[in-house]
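For reference, the structure discussed in these notes is given below.
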Amino acid sequence: MKKFLLSAALATSILLTGCASVDYMQYSNSDQVMIGQGGAFTTSDGIEIWKNGAPQKPFRILGIINSSITEGVGAQTMLESAVVSKAKKEGADAVIVIDAQYQPGSGAYSGPSYWQPSTSSNAGTAFWDGANSGSAMASSWLSMASAYGEISIKFYAIKYVTE
């Protein structure tokens, strides 16, 4: 009986986890070089995942990755894997979280859209202020995965400039 209940619980958990949906849109101003002010990132399969802030080295935005998943056991890993796979396919070196939303059964949480470019006369380089990202979103996009509902996260896919 215990084996049956354990099997039923595992099957239910697996069914509650949805497939990750990942879409890519090419960025129209991909020639503009940007530099971040640092922040926090992890690395997965050779791709940096910037969860707060942006790299302190020159980069270009290649595109925007929109991702979503219905929460369940392993959803966080599945979503991260799908985003990293799409980033690699598009030639990116890293992704930067730019927006996160959580939609429970009724009601919604929406993280701030915190990337506001500020231009500089420094050779056409834009400086992105990740310091205004709001620690709630930076630290909570992964913790949102602990409750059931739909998680949607938007990323910039970026390529480092080596000149």
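For Asp23, neighbours were defined as the other residues whose beta-carbon sits under 11 Å from its Cβ, and their charges (Lys and Arg +1, Asp and Glu -1) total +2. In terms of the mean number of neighbouring beta-carbon atoms within 10 Å, the peptides 150-160, 22-32, 85-95 order highest first as 150-160, 85-95, 22-32.
No value in this document is a laboratory result; all are computed from the given coordinates. All values reported here derive from a predicted model rather than from experimental measurement. Here the Cβ is made from the backbone with ideal geometry for all residues, glycine too, and neighbour counts use every protein chain on show.
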